Amino acid sequence: MKKVSRLMFSALAFLTIGSTMAVSIGAVSADEVADTKAPMTNLSAENSALLAKLSVAQDKVASIDSQVSNKTVAINDAQKNIASTDKEITEVAQKIVKVQAEVQSRKTVLKEQVIALQKRAGDSVSGNVYVDFIVNSDSFSDMVSRASVVGKLNQANKEAMDAVANSESKLATLKQEQVTKKANLVNTKAQLEKDQAQLTSLKADAENEQASFQQEVDGHKTQLASLQSQLDAQTAAAVEAAKKETEKATIAPTVAPKTGSDNTPAPTVAPKTGSDNTPAPTPAKTTTVAPSGANTGSLVGNALQFIGTPYVWGGAQPGGFDCSGLVWYAAKMAGISLPRTSQKQSTVGTKVSLSELQPGDLVFWGGVGSAHHVGIYIGGGSYVHAPTEGQNVTTMSMQYYKPDFGRRL
């Protein structure tokens, strides 16, 4: 027999929130089962909706948390840029101070030059120290020489002053750019902090919503656990009733007249005579094979006795069952001879539709002769089966794991 997909049963376990959502057994009152199943079904549907909302809330919290984290990174980056800009502004300011000092130094040098020229020029003639310096020359050659000196001084001083002034202007522009950059960074940081605060508030709201959904889910789990306990009690009562039914059938007289469906001849008993006190002879022992449709009630009760037994691949004993092993063993206890594998079991008896199932019918997944899983229908839209490795014999509703067809023995 092929293994039943572990993934399929894990998904079913999730849908039922770790508990059997629907059980109904012939020995249990249909009203009791209906009264228990209805709230469980409603709670299950509500719980599924809540779980969906909880998932959305969790995704929302995760998304907001990611945005908050991104804002934090952006704020830290902005703070680093502000610090870097502050450093650049400080450095530029220091350079401006140096340039301003250089300008002042250059002015001092020019002043000293003018004073020196005045001393050499003598009395002022034109009011211009440079002109007077040239005019008061001792000779023509001295005049030419003085004119050359004045020209060189003027050119040198002009170039120096222009360079200093240009440098000061550039530094002033650079400082203003850095100041503007810092102002923009400060504004950006402030906006980021505002966004972060809003996101933090949204995250708190989302977490409260998530906590509320989780509280409702937990409350449903508690109610489901209580209802499950009630169903477990009903199941236990049904198992006990089935066992008593089986015991009654075991001790009941087995001698019966020959029927058209039984090929075993009826035992012959000699008539007792009035003059003979010898008791009537004991009928000869015969081996009885269950006819079609016999002992299916005992089949259900037998299988239910093993709820909680672990799944064992290839198992067909009370210590552990696989799906076909459970059916085979329960049938054997009821006196019904079945093949060992689900493939062969799916060919026994008469095929019935799922809408016509009766307690004791076998339910299969797959095709006739190729079934990969089997269970025993117990009524009320439920069946008992050995699911898969890692799980135990349990009951399940066809609503959650629907078989493909049934067979009536």
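Every number here is computed from the coordinates shown, using simple stated rules; none is lab data. Just so we're clear, the structure is a prediction, and the values are computed from it rather than from any experiment. For neighbour counting, all protein chains shown are included, and Cβ atoms are generated from backbone atoms with ideal geometry for every residue, glycine included.
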Of the peptides 385-391, 73-79, how do they stack up when ordered by the mean number of other Cβ atoms within 10 Å, highest first?
385-391, 73-79
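Kindly provide the GluC sites (Glu not before Pro) of region 189-234 that DSSP labels as loop, not H, G, I, E or B, and whose Cβ sees at most 12 other Cβ atoms within 10 Å.
Values: sites: E193, E207, E209, E216; in loops: none.
Passing sites in region 189-234 do not exist.
Using Cβ contacts closer than 10 Å as the measure, can you line up S342, S84, S355 from fewest to most?
Values: S342 26, S84 14, S355 6.
With the fewest neighbours first, S342, S84, S355 line up as S355, S84, S342.
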Linear extension gain, A204 paired with S169, 0.36 nm per residue minus alpha-carbon span:
7.3 nm
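Multiplying the sequence separation of A45 and N157 by 0.36 nm and subtracting their Cα-Cα distance, what value in nm do you get?
Values: separation 112, 0.36 × 112 = 40.32 nm, distance 9.38 nm.
Roughly 30.9 nm would be gained on extension.
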